Amino acid sequence: PNVCAVQKLIGTNRKYFTNCKQWYQRKICGKSTVISYECCPGYEKVPGEKGCPAALPLSNIYETLGVVGSATTQLYSDRSNLRPEIEGPGSFTIFAPSNEAWASLSAETLDSLVSNVNIELLNALRFHMVNKRVLTDDLKHGTTLNSMYQDLPIQIHHYPNGIVTVNCARLLKADHHATNGVVHVIDKVIGTTTNSIQQIIETEESLETLRAAVAASDLNSLLESEGQYTLLAPTNEAFEKIPRETLNRILGDPEALRGRLNHHILKSAMCAEAIIAGLTMETLEGTTLDVGCSGEELTLNGKPIIANKDVLATNGVVHFVNELLIPDSAKTLFELAQESEVSKSMDLFRQAGLSSHLTGSEQMTLLAPVNDVFKDGLPVVDSNMKNLLLNHIVRGQLSSKYLYHQQKLQTLGDKELRVFVYRNNLCIENACIAAHDKRGRFGTLFSMDKMLTPPSGSVMDVLKADHRFSTLVAAIQSAGLTENLNRPGTFTVFAPTNEAFRAMPQGELNKLMGNAKELANILKFHMADEILVSGAVNALVRLKSMQGDKLEVSMKNNVIHINKEPVAESDIMATNGVIYAVNSVLQPQASRPQERGDEPADPALEIFKQASALSKVSQRNPRLAPVYSRLLARMKENSGGF
């Protein structure tokens, strides 16, 4: 009974009084902890007994300070003449700095407190007090308590991880009851707070550039208003790290500047002591930041860039950062891409002299292949490649979630690209979107899984232009299907190559070519009236052919198969469809040879065979006659009665 768990940070004197639900995976800021057990406040051990069964008698606040590890606060209470008040009648709460908290003050600060006829020390101690009993349950997140020094406010934050802060000092030991109130031990000596976040910006020399940026973006009123914000304040040094050209562009664009500064403001007050592991926090811009810690350092997006923490304001807290946080919403397309998995694509665009389209104020959407596409090296940039890259830049700033099937997109290369929406993918021509959009100031970045191939001509035009399909072209013309494949449509064509036709027995090929009706039937079995690009094929997709039978398109070892036959080349794009080159002529079900013995047989035939075999046995064994009769009945049901 009456035992409390204490989580101790290995190698330090830091303790976290907690319960089993808040053991933080046995780590604090990445460092290991051990769990030990102590008597809860007001109890002590008894030899031979389990736990801490003996209740200690209550004493006044002054005496209690000496018991709970705040003897220095007790000493200064005596020296400042506060002792009579906290020994006498009343109902008080004191947030008592630990002995270590007092010892951590600079000699100059401590000297100024204790040498000024004790009045400064008395005022400082009274600022740590509230003129009523306040227990942990009453310390709600975002509440303000009036101190006993000029009623100046004390800010309370009670975080989801169980940590409570008092003016950003962490509550170490809570709820030590006394006859005239309650003592809470905290890890810092807290100071008065009279300035808003805006006033801190105006008075701090290291925030001079930020001051000008806030004024230019009209955020002054927000940072003066009531609320509880966290400002990650970029110092002058942080602004100096930005290239002058980029900085001038941002400062000259109030909307981008406001977005960038909003990216530095969290929607709630977050004191450093409350951060014991990584967490994601939302900014006023609607973006998120990963706030964490590594040892003694706070981190933002994994980087230890916080130079000065926990500067408390009346409307929140300020942490000084020595690096500017740039949200995607303030970046150019080029900046977005340079920091993504498409940096190799940017090398291509730069070599092609197209950087100006990605850094200006034109509204564009960049379809950038991911770096894996170029694992064998970048292609040579010539006039053809430059034209192809122009067709990877789409006019207008798009969002992938609003794209729809068969939507048409216009490129800077004056090509029209089609959007294909599938159950498991979203594709533009032959390339599919590989990652979430990145939306910048004027442009959006789509990361694509391959280089786009804009369509050039109808299906018939593409087949005629490729010498591999000369036999197929002749067959299509003989079957009277040329007009079909020239008209607007949405075809998928599994196109047999010349090699596929040569693989057929000569007699069978001659017979097929001489029968226009049968030839048309076979060719239609190679076509579907919908566009299916390879990116839409996950395991298996069934298409209805124009002949009527089903086609099975599957992916195996990163190779597309059609009816189990491997495809030689995928995604040959046409204005009215897509072509796959296949090295075999596909056969519809009715045209296939006799089924092999290893394939499933007709159920009725199997029943008939069983029945025939059993009929002879049943004649010799009367007990099997009923079985034979049932088999005959099943055979009649499957054959429709005969």
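Assuming Glu341 fulfils every condition listed in (1) touching a residue at least 40 places away in the same chain (Cβ under 8 Å); (2) under 27 Å from Met451 (Cα atoms); (3) open to solvent by less than 50 Å² (accessible area, probe 1.4 Å) apart from one, which condition is it?
Going through (1) touching a residue at least 40 places away in the same chain (Cβ under 8 Å); (2) under 27 Å from Met451 (Cα atoms); (3) open to solvent by less than 50 Å² (accessible area, probe 1.4 Å) one by one, Glu341 breaks only (3).
Looking at (1) open to solvent by less than 40 Å² (accessible area, probe 1.4 Å); (2) in contact with a Ser or Thr (Cβ under 8 Å, 6 or more places away or on another chain); (3) closer than 15 Å to Ile61 by Cβ, find the lone condition where Ser98 falls short.
Here Ser98 meets the rest and fails (3).
If Leu519 meets every condition in (1) touching a Leu at 6+ places or on another chain (Cβ under 6 Å); (2) free of Cβ contacts under 8 Å to residues at least 24 places away in the same chain apart from one, which number is that one?
In the conditions (1) touching a Leu at 6+ places or on another chain (Cβ under 6 Å); (2) free of Cβ contacts under 8 Å to residues at least 24 places away in the same chain, Leu519 misses (2) alone.
Within the range 150-160, how many residues turn out to be in contact with a strand residue (DSSP E or B) (Cβ under 8 Å, 6 or more places away or on another chain) and either surrounded by fewer than 20 Cβ atoms within 10 Å (Cβ to Cβ) or aliphatic (A, V, I, L, M) (or both)? Can you show your working first?
As a first pass, look at the range 150-160 and keep what is in contact with a strand residue (DSSP E or B) (Cβ under 8 Å, 6 or more places away or on another chain): 152-159.
Within this subset, residues satisfying the condition of being either surrounded by fewer than 20 Cβ atoms within 10 Å (Cβ to Cβ) or aliphatic (A, V, I, L, M) (or both) are 152-154, 156, 158-159.
Selection size over the range 150-160: 6.
Can you pull out every residue in the range 226-248 that is outside any helix (DSSP H, G or I) and either open to solvent by 40 Å² or more (accessible area, probe 1.4 Å) or of a type in the set (A, V, I, L, M, F, W, C) (or both)? Let's see the steps before the verdict.
We begin by selecting, within the range 226-248, every residue outside any helix (DSSP H, G or I); these are 226-235, 241-243.
Glu226, Gln228, Leu231, Leu232, Ala233, Lys241, Ile242, Pro243, listed by residue number.
Can you tell me which residues in the range 71-90 are within 50 Å of the chain's Cα centre (by Cα) and surrounded by fewer than 18 Cβ atoms within 10 Å (Cβ to Cβ)?
The answer is Ala71, and nothing else.
Condition first: in contact with a helix residue (DSSP H, G or I) (Cβ under 7 Å, 6 or more places away or on another chain) and more than 15 Å from Met555 (Cβ to Cβ). Now tell me which residues in the range 567-581 satisfy that. Step through it out loud before you land on a result.
First, pick out the residues of the range 567-581 that are in contact with a helix residue (DSSP H, G or I) (Cβ under 7 Å, 6 or more places away or on another chain): 570-572, 574, 576-577, 579, 581.
Within the range 567-581, Ile572, Ala574, Asn576, Gly577, Ile579, Ala581 meet the criteria.
Against the condition outside the structural domain of Ala313 (by the TED database), out of contact with any Phe, Trp or Tyr (no Cβ under 7 Å at 6 or more places or on another chain) and crowded, with 20+ Cβ neighbours inside 10 Å, how does Leu110 come out, does it pass?
Details: outside the structural domain of Ala313 (by the TED database): yes; out of contact with any Phe, Trp or Tyr (no Cβ under 7 Å at 6 or more places or on another chain): yes; crowded, with 20+ Cβ neighbours inside 10 Å: no.
No.
I'd like the full set of residues that are open to solvent by less than 10 Å² (accessible area, probe 1.4 Å) and aliphatic (A, V, I, L, M), limited to the range 249-260. First the steps, then the outcome.
Our first condition is that a residue be open to solvent by less than 10 Å² (accessible area, probe 1.4 Å); within the range 249-260, this holds for 250, 256-257, 259-260.
Selection gives Ile250, Ala256, Leu257.
Applying the selection to the range 2-29, what residues are at pLDDT 80 or above, assigned to a loop (DSSP other than H, G, I, E, B) and either on the phi > 0 side of the Ramachandran plot or surrounded by 15 or more Cβ atoms within 10 Å (Cβ to Cβ) (or both)?
If the condition is that a residue be at pLDDT 80 or above, assigned to a loop (DSSP other than H, G, I, E, B) and either on the phi > 0 side of the Ramachandran plot or surrounded by 15 or more Cβ atoms within 10 Å (Cβ to Cβ) (or both), then Asn2, Cys29 are the ones that fit.
Among the residues of the range 493-509, write down those that are exposed (fewer than 14 other Cβ atoms within 10 Å of the Cβ) and either within 51 Å of the chain's Cα centre (by Cα) or outside any helix (DSSP H, G or I) (or both). If you could, list the steps in order and put the result at the bottom.
Here is the first cut: in the range 493-509, the residues exposed (fewer than 14 other Cβ atoms within 10 Å of the Cβ) are 502-503, 505-508.
The answer is Ala503, Pro505.
Those residues that are out of contact with any Phe, Trp or Tyr (no Cβ under 7 Å at 6 or more places or on another chain) and closer than 17 Å to Ser570 by Cβ, I need them from the range 435-463; list them, please. Explain how you work it out, then say what you get.
Within the range 435-463, the first condition is being out of contact with any Phe, Trp or Tyr (no Cβ under 7 Å at 6 or more places or on another chain), and the residues that meet it are 435-436, 438-458, 460-462.
The answer is Met448, Asp449, Lys450, Met451, Leu452, Thr453, Pro454, Pro455, Ser456, Val462.
Criterion first (modelled with pLDDT of 95 or more and under 24 Å from Lys550 (Cβ atoms)) does Thr492 satisfy it? Show your work before the answer.
Numbers: modelled with pLDDT of 95 or more: yes; under 24 Å from Lys550 (Cβ atoms): yes.
Yes, satisfied.
Restricting the range 510-554 to residues that are hydrophobic (A, V, I, L, M, F, W, C) and surrounded by fewer than 16 Cβ atoms within 10 Å (Cβ to Cβ), which is farthest from the chain's Cα centre (by Cα)? Please lay out each step first, then the result.
Initially, the range 510-554 is screened for residues hydrophobic (A, V, I, L, M, F, W, C), giving 512-513, 516, 519-520, 522-523, 525, 527-528, 531-533, 536-537, 539-541, 543, 546, 551, 553.
Retained after the next criterion (residues that are surrounded by fewer than 16 Cβ atoms within 10 Å (Cβ to Cβ)): 516, 539-540.
Numbers: Ala516: 57, Ala539: 26, Leu540: 29 Å.
Checking each candidate, the answer is Ala516.
Residues of the range 139-149 being surrounded by 15 or more Cβ atoms within 10 Å (Cβ to Cβ) and either among the basic types (Lys, Arg) or farther than 21 Å from Asn123 by Cβ (or both), which ones?
Of all residues in the range 139-149, those surrounded by 15 or more Cβ atoms within 10 Å (Cβ to Cβ) come to 139, 145, 147-149.
Result: Leu139, single match.
Test each condition in (1) open to solvent by 10 Å² or more (accessible area, probe 1.4 Å); (2) closer than 23 Å to Gly286 by Cα; (3) among the aromatic types (Phe, Trp, Tyr) for Phe446 and report the one that comes out false.
Every listed condition holds for Phe446 apart from (1).
Of everything in the range 555-567, what is open to solvent by 60 Å² or more (accessible area, probe 1.4 Å) and either in contact (Cβ under 8 Å) with a residue 40 or more places away in the chain or not in a strand (DSSP E or B) (or both)? Give them in sequence order. Give the steps one after another, and end with the answer.
So in the range 555-567, the residues open to solvent by 60 Å² or more (accessible area, probe 1.4 Å) come out as 555-558, 564-566.
Answer for the range 555-567, where residues must be open to solvent by 60 Å² or more (accessible area, probe 1.4 Å) and either in contact (Cβ under 8 Å) with a residue 40 or more places away in the chain or not in a strand (DSSP E or B) (or both): Asn557, Asn558, Lys564.
The values are calculated or read from the model by the stated rules, or taken from the named source; none is laboratory data. All values derive from a computational prediction rather than experimental measurement. Because the Cβ atoms are built from the backbone with ideal geometry, glycine has one as well, and the counts that use them run over all protein chains shown. When the accessible area is computed, the model is the full protein with side chains, heavy atoms only, and any ligands, DNA or RNA have been set aside. Shrake-Rupley method; radii C 1.70, N 1.55, O 1.52, S 1.80 Å.
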